[in-house]
Structures are given as structure tokens and as C-alpha cells.
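A quick write-up on the structure given underneath.
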Amino acid sequence: MKMIVFTTVMVTVLISIIGGFSLWYINNSVEKVLGKNAMEVAQKVVLQRDIQINIGKPRGEYRVQLIVEDIRRASNAEAIVVTDMNGIQYAHSAFNKIGRRDINANNSMAYEGKAYISKVSKKQEKYIQAHMPIYNDGKQVGIVLVNMVLPHITRFLTEIESGFYFILAFSILLTIMGATLLAQNIKRQIFGLEPLEIARLLKERYVILQTVREGILAVDSEYKITMLNGEGKRILGIKEDVIGKDIREIIKNSHMPEIIEKGIPEYDREHILNNKAIVANTLPINLGGEAIGAVSSFRDLTEVKNLAEEMTGVRRFIDALRAQNHEFLNKMHTISGLLQLKCYDEAMKYIDDISNLHKETLGFLTKHIKNPSLSGLLLAKYNKMEEMKIKFSIDPSSRVTHGDNEIDTEVLLTIIGNLIENAIDAVSGLERERRNVYLTINDGIEEMEIIVTDTGEGIPDENLEKIFEFGFSTKEGENKGVGLALIKQVLAGIGGTIHVESQIDIGTEMIVMIPKK
């Protein structure tokens, strides 16, 4: 109803404004045309030689009046008045005024030699007057005044009144019908909701989006941000208003344009956005089978890990304990066998070797790897490879310091953990002598270099680029083809690089460079 009433009022007002402007324009045009005609009539009068020479002569008014009256009848002028320089009238439509002085003679600037047009009102009538001086042999002898009656605007309105009001009524009827159809169409598109219901839903939506503990980001088909809630701004470190801005300018390595183009959703995918590790679910918005945008819900990966720290810590601890327990039982069986064989010296030497090796590994990690989480990861990987009979060697020069430029722990764990797992997969199926994995960590001031080398079967040249694609793997089994792709994605988010060198039947070396700024 508001739409119908508003549209009807607007159309009525617009038609009235247009009608009023049209009438004003017509009236103004009529004035200009009458003024032009009046000046033309005055021009005819002043060019008459008989009028020029008879002004000022005794009984000259009779000759002037005859000439002027002929001109007036031919031009449909309401009146033509000719006076000499003293204001004595030589021609007038009222014959009784001829020969008399015009009391308003001094009001005309034509006595000063100026030709002009004026508009006057007399007895509820409006006139257009043309004033022009009359010369005889270069000397001004009088003036001529031509009156043209201006049709009153009310009379013009009266003539078109019935047609104008019919057009107005017909326009209002069409407007009501059109507004009704438009309102019904819009209401169908908004699921039959009234404006108040839409407003309530929008308020509820706003409150919900601002209170959820996940960032919500939506973009349209032109990659313009249409919505970003407060939590999303906090996670991404955005403070200014970004609604309507291109997401590629706000988040340089955003994956949402790719989602819109491909129309394929992503679930629980890790990304690095604005130097923040996040885990996101991103879905395209489809309309009529075409992607018109995308929406993403995401969490700070660090916060997610913190929330699950107990579970994550316990899982890692259990994995480490399981590996240690299995290796411990093997060692205990060995010691038990030596004791049963009464090889006491060999048993003591075996115990010393095991103790020294454990102290050496643990001591190295404690002294040189200052990141506790990374130390725990390396110890767990060491125990796992001990169980799998894989020799795991860490370069003695490896260092990880703790300073202002420290790299995010989750980034380190993701990259190093996946690199080592990939190396384990590469050597696990080989004979025991070839099961070797080497790790080097060079922690510089500007960047960190991580080198993981295995003595596996190597990677064919045609697969060197494919190994970084999600799902690509030469190994059988579930959850394969993820590790290297994830590393590539993480590095892309922080400006890092990875370089692979591989030789068939010799091994593979992966070199990762991580900037600290």
C-alpha cells in the first residue's frame, strides 16, 4: 500500500509540475512572440515617410492616424499610439485622445532614443508594449507605442482544462495499476514478506552474524565484498569499512574468486589470509544454475588449535608414547635375551648406548630448537621412525631461535610435519639400508631455510609439478596427496617458496624458504 500510494502521489506531483512548467513555457513563448510582433509593427510605423514628416506639423495627426490605423488593422495590434517629443498624440485607437498630451509620455525611455519591450497590466488585462523612437532626417521627432493583448493564463487553462484533467486521471489510474502489479511481483520475489518482516529478519541476521564466533565473508559475482562481520574483521586484522570493495584488493590471495569461477565448494580447507592461518568452509551462491557470488565461514586456525590443544596434545603425546612403548618393548626384549644368555657386559653396553642416544637426541632438541611445539613434533617423528627402522638425522648446525621475528608455530608445524611425513612415505617401502631421512633448519635473520632429504626412489620429471596438486599421489591409500599441496598453499599465503630436486633411485630434496616479515 505504501508503494502504491507513494507512486501515485509522485506521478500526480510530477504531472502537475510538468503541466505547470509547460503552461509557463507556453505563456513565456507567447510573450516573446507577441513582443517580436509588436516590435515588427512598430518598425513598420517608424519607417513610414509620411509619418516622419507629418509629426509636428499642423493637422499632421490626421494623416498619421490614417496610416497608423491601416497598419493596426493589418497587424491585429490592440492599439498603436504615436506621439511627438512633447507627448502630443498623433495617433490613437481612441480618437478623442488625438491632439491631446499623453500624461504618461515621460515614462517611456523611447524619448531618449531607446527601443525596448515592456509588459503592463491594465483593467485585469496584460499587454506587451513595444516602444520605438521615430526619426526624421536623423532627428528624433517622436515615438511609437504598440500594444498587444497577452492571453491570460487562466483563460488558456480554461480552454485545456477538460483535456488536462482527463490526462491526469488516466495517468493516476495507470499508475495505480502498474504500482499494484509491481508490488505483487516484488512481494513474490521477497517470499511474500512485508517491509516490517524484512526489517526484523535483517536485524536478526545482523545480530546473529555479529555474535557468532566465526568470521563470515560474502562477495558478489564482481568480487565485491557484500558482507563481513565483526569477527571476520578481527580475525583478518581489518579495521576500515570494506563493503563494496574488491576482495582482491583487501585480501591479496583470497580463494573466493576461484570458488565463484569454478562453482565448487570447499570444506575445512586451510588458508593463509592477511598473514593469518585460517580454516574455512566456502560455498558458491547459485541462482539459475549460475554462480552469482560466494560466502565463506572461517575460524582462526590458531584459536581452533588452542581450543583443541588438550585433544591435540594428548593425541601427539599418545602417538609419541605408542612409538616409545613399542621401541621400549623391543629394547627390553633385547636386554632380557642378553641377560638370559648371561651376556652381562653386552647388556650393560647396550643399555649405555640406548641411554646416550636418547640423551643426545633430547639434549640436542632442548638446546638448539627453542620452539617447544616444534621440539615435541621432531621427537615424535624421531620415535616414529625408530619404530619403522628409519634413520632420522638432524643436521648438528640446525637452529631455531626465539625472537621478535619468530615464525608462526602452526606454519612451522604444518610445513616441517608434512615434509617429514612425505619423506617417511618415500623410504618406508625400501630395504632398511636405504631408509634415511635428513633434516636441516637454518634460522637466519630475514628468513628460515628448511631442507628435508630422503633416499627414496625419486620423483619423475613429469610429476614434479603435479605433486603440489590436491589429491595427486603416487602412493595408495586414503588422505594422500594433501601434504605437499597444503605446504604450497601455506607458503603462497606468507610469501614463501619451495624448491624440489629429485633423482630417480637416489632420492629427493625439498628446500623451503620462509620469510620472517
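In the context of the full set of protein chains, residues of the stretch 78-117 present 57 Å² of accessible surface per residue (probe radius 1.4 Å, heavy atoms only). When only alpha carbons are used to place a centre, the stretch 70-91 and the stretch 250-279 end up 90 Å from one another.
Which helices, counted as full DSSP H runs in the chain, have an axial Cα extent of no less than 20 Å and a Kyte-Doolittle average of -1.0 or above? Counting only whole DSSP H runs, the qualifying helices are 2-46, 60-75, 153-189, 195-211, 309-340, 344-368, 372-387, 409-427. What the stretch 205-292 shows is 56 Å² of accessible area per residue, with the surface traced by a 1.4 Å probe over protein heavy atoms. Counting 0.36 nm for each residue step from Lys342 to Ile198 and taking away their Cα separation leaves a gain of 43.1 nm. A cut-off of 5 Å between modelled amide H atoms, ignoring neighbours fewer than 5 places along the same chain, links Lys126 with Leu150. Given their separation in residues at 0.36 nm each and the Cα-Cα distance between them, Ser29 and Asn107 gain 25.4 nm when the chain is fully extended.
Among residues other than Pro460 with Cβ under 13 Å from its Cβ, the summed charge is -4 (Lys and Arg +1, Asp and Glu -1). Note on Tyr350: accessible area approximately 70 square angstrom, rounded to 10, probe 1.4 Å, nucleic acids and ligands left out. Sorting the segments 42-55, 504-517 by their mean number of nearby beta carbons within 10 angstrom, highest to lowest, gives 42-55, 504-517.
Going by accessible surface with a 1.4 Å probe and the largest first, Tyr223, Tyr25 read Tyr25, Tyr223.
Put simply, when 377-385, 284-292, 89-97 are sorted by average Cβ atoms within 10 angstrom per residue, most first, you get 377-385, 89-97, 284-292. Among (1) -0.29, -0.40, -0.83; (2) -0.59, -0.65, -0.94; (3) -0.34, -0.45, -0.82, which one is log10 I(q)/I(0) by the Debye sum over Cα atoms at q = 0.06, 0.07, 0.10 Å⁻¹ computed from these coordinates? Given (1) -0.29, -0.40, -0.83; (2) -0.59, -0.65, -0.94; (3) -0.34, -0.45, -0.82, the structure-derived one carries the label (2). Could you work out the helix-only [θ] at 222 nm for the chain, with each DSSP H run of four or more residues adding -39,500 (n - 2.57) and the total divided by the number of residues, to the nearest 500 deg cm²/dmol? Calculated at 222 nm, the ellipticity per residue is -16500 deg cm²/dmol. When nucleic acids and ligands are ignored and a 1.4 Å probe is applied, Phe472 ends up with an accessible area of around 60 Å².
Please report how far the C-alpha centroid of the stretch 184-199 lies from that of the stretch 1-62, rounded to the nearest whole angstrom. Here the two parts' Cα centres lie 52 Å apart. FRET efficiency for the pair Leu47 and Arg205, taken as 1/(1 + (r/R0)^6) with r the Cβ-Cβ distance and R0 = 51 Å, rounds to 0.05.
Heavy atoms of the protein chains alone define the surface here; on that basis the stretch 385-476 has 51 Å² accessible area per residue at 1.4 Å probe size.
Under 20 Å from a point placed 7 Å out from the Cα of Glu462 along the Cα-to-Cβ direction: which residues of the stretch 394-433 have their backbone N that close? From the stretch 394-433, the list is empty.
Averaging the sequence gap over all C-alpha pairs within less than 8 Å and six or more residues apart, then dividing by the number of residues, gives the chain a relative contact order of 8 percent.
In the chain, what percent of the accessible surface is made up of carbon and sulfur (1.4 Å probe, ligands and nucleic acids excluded)? With neighbouring chains kept in place, the figure for the chain is 57 percent. Listed cross-link partners Lys97/Lys119; Lys57/Lys97; Lys2/Lys187; Lys488/Lys516; Lys224/Lys517 are compared with a 20 Å cut-off, the Cα-Cα value being larger for Lys97/Lys119; Lys224/Lys517. Amide H to amide H distances under 5 Å link Met227 with Ala218, where only residues 5 or more positions off or on other chains count and H is placed in the peptide plane. Charge dipole (Cα centre; +1 on Lys/Arg Cβ, -1 on Asp/Glu Cβ; no other charges) of the chain amounts to roughly 4220 debye.
Here the calculated FRET efficiency for Glu222 and Glu449, from their Cβ-Cβ distance with R0 = 45 Å, stands at 0.65, rounded to the nearest 0.05. Take every Cα pair under 8 Å whose residues are at least 6 apart in sequence, average their separation, divide by the length of the stretch 194-258, and the relative contact order is 25 percent. A straight Cα-to-Cα reach below 20 Å connects Lys391 with the lysines Lys331, Lys359, Lys381, residues fewer than 8 places away in its own chain not being considered. When Thr83, Thr302 are compared by accessible area at a 1.4 angstrom probe, the order from most to least is Thr302, Thr83. In the stretch 1-142, with Lys and Arg counted as +1 and Asp and Glu as -1 at Cβ, which of these residues, Phe21, Ala77, Met10, has the Cα nearest the positive end of the dipole, that is, farthest along it? It is Met10.
The values are calculated or read from the model by the stated rules, or taken from the named source; none is laboratory data. These numbers come from a predicted model, not from an experiment. Cβ atoms come from the backbone with ideal geometry, glycine included; neighbour counts cover every protein chain shown. Only protein heavy atoms, including side chains, enter the accessible area calculation; ligands, DNA and RNA are left aside. Shrake-Rupley method; radii C 1.70, N 1.55, O 1.52, S 1.80 Å.
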